[in-house]
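Everything below concerns the one structure shown next.
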Protein chains: 2
Amino acid sequence: MFSKTCKYAINAMIYVASLPGGNERSGLKDISKAINSPEAFTAKILQQLVKSDLLHSMKGPNGGFYIHRDTHQIFLSEIVQAIDGDLIFTGCALGLEKCSEDHPCPVHHKFKAVRDHLTGMLMTTSLKDVADSVNVGSSFLKI
Amino acid sequence: MFSKTCKYAINAMIYVASLPGGNERSGLKDISKAINSPEAFTAKILQQLVKSDLLHSMKGPNGGFYIHRDTHQIFLSEIVQAIDGDLIFTGCALGLEKCSEDHPCPVHHKFKAVRDHLTGMLMTTSLKDVADSVNVGSSFLKI
DNA sequence: ATATTAAAGGATATTTTTGTCCTTTATAAA
DNA sequence: TTTATAAAGGACAAAAATATCCTTTAATAT
Ligand code: FES
Ligand code: FES
């Protein structure tokens with residue numbers, strides 16, 4: 001469904017969003033430990049997220065990553081889009097070059113419903129929603 | 001969503017199912033031309049489908065691939081399962097080792113709904129359904 | 001029987017994804 | 001100002017997915 005990179009990205013964003021105190025920073029080591037991901041690879045992903053402006057960073061002692069925007073207004077769809085692009089939102093299930101009503105693949109209509117369901121879910125689920133569930137202990141970021 | 005291999009597999013199965021006359025055989029070349037896939041790679045995929053008993057084959061002149069079972073009773077889910085396994089039906093969206101209610105990831109509940117939607121769609125859409133739409137010209141297998 | 005056809009199978013190549021390592025740059029504390 | 005810290009960046013490595021090539025096997029037609 002999502003690339004492994006994208007899964008790490010979502011988990012990392014949720015972890016940072018779940019930290020107490022709005023603009024607390026957390027470092028690469030903390031993050032990759034918290035989400036159980038390879039450190040060096042996670043570093044690359046966090047860089048991508050910073051470039052996409054979903055995450056911000058600070059170098060030096062007490063540096064780390066933090067979220068600038070209100071997590072209530074950051075949706076999972078933005079993270080997925082930043083990492084995996086929008087093929088998941090618009091691509092053809094069977095690999096046709098372009099998904100369209102005019103030239104649909106055999107599963108287009110049924111698949112579109114599912115894809116739109118997924119898109120809707122991602123576009124309406126905020127980082128705050130999911131981070132809260134981690135904070136109250138009703139959901140988990142690893143194992 | 002599906003691996004490229006799986007997309008080719010679904011397309012190939014649809015193409016064979018769409019041939020007139022129940023047990024008509026069609027060869028590798030026809031199939032890969034019809035679905036616009038690399039021939040040698042498609043051969044491997046067809047082999048997998050034969051091993052999975054979704055497709056049957058005959059060597060020699062006038063040989064080729066054909067479907068034994070009633071296409072009305074073959075569902076897309078079987079093809080996806082045969083090629084991509086069942087991670088798509090049961091795997092965790094965020095990569096937790098195991099998707100479960102007891103130890104859910106932060107998107108578990110919302111994702112489960114989407115995943116079940118997809119699963120339901122695949123389990124209720126038969127090869128006949130989609131092959132018919134190709135035959136009446138209302139859907140397409142390539143470009 | 002022999003030749004031809006077409007799938008099966010094995011080995012290998014290419015590309016993409018995932019992952020690591022090491023150096024450089026920016027920031028802050030001492 | 002020096003040192004420590006932590007992210008950024010570049011080069012490289014490993015693994016997995018995708019793709020090709022060539023030989024072998026089975027079936028048919030001549
Ligand atoms: S054309 Fe295939 S999903 Fe729309
Ligand atoms: S635990 Fe992640 S989808 Fe169920």
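Read-outs throughout are calculated quantities, based only on the coordinates presented, and are distinct from any laboratory measurement. In this text, all values refer to a predicted model and were calculated from it rather than measured experimentally. Positions of Cβ are generated from backbone atoms using ideal geometry, with glycine treated the same way; all protein chains shown enter the neighbour counts.
Annotations for the structure displayed:
- Residues that are of a type in the set (Lys, Arg) and under 25 Å from A:Met1 (Cβ atoms) were ranked within region B:1-40; the one that is farthest from the other protein chains (Cβ to nearest Cβ) is B:Lys4.
- Of the residues in region B:72-87, at least one is at positive phi and either within 16 Å of DNA strand D (Cβ to nearest atom) or surrounded by 19 or more Cβ atoms within 10 Å (Cβ to Cβ) (or both).
- Subset of region B:18-33 (residues that are touching a Phe, Trp or Tyr at 6+ places or on another chain (Cβ under 9 Å) and not in a loop (DSSP other than H, G, I, E, B)): B:Ser26, B:Leu28, B:Asp30, B:Ile31, B:Ser32
- Within region A:98-110, considering residues that are facing chain B (nearest Cβ under 7 Å) and of a type outside the set (D, E, K, R), the one surrounded by the fewest Cβ atoms within 10 Å (Cβ to Cβ): A:His103
- Looking only at region A:34-71, residues that are buried (at least 19 other Cβ atoms within 10 Å of the Cβ), of a type in the set (A, V, I, L, M) and not in a loop (DSSP other than H, G, I, E, B) come to 5 in all.
- Which listed residue is over 24 Å from A:Lys142 (Cα atoms), within 14 Å of another protein chain (Cβ to nearest Cβ) and more than 11 Å from DNA strand C (Cβ to nearest atom), from A:His68, A:His117: A:His117
- The set of residues in region A:110-126 that are farther than 17 Å from A:Asp84 by Cβ and touching a residue at least 40 places away in the same chain (Cβ under 8 Å) comprises A:Thr124, A:Ser126.
- Restricting attention to region B:120-143 and to residues that are part of a loop (DSSP other than H, G, I, E, B) and hydrophobic (A, V, I, L, M, F, W, C), the residue that is farthest from the other protein chains (Cβ to nearest Cβ) turns out to be B:Val136.
- Qualifying residue in region B:80-97 (condition: under 26 Å from B:Asn135 (Cα atoms), free of Cβ contacts under 8 Å to residues at least 60 places away in the same chain and not in a helix (DSSP H, G or I)): no
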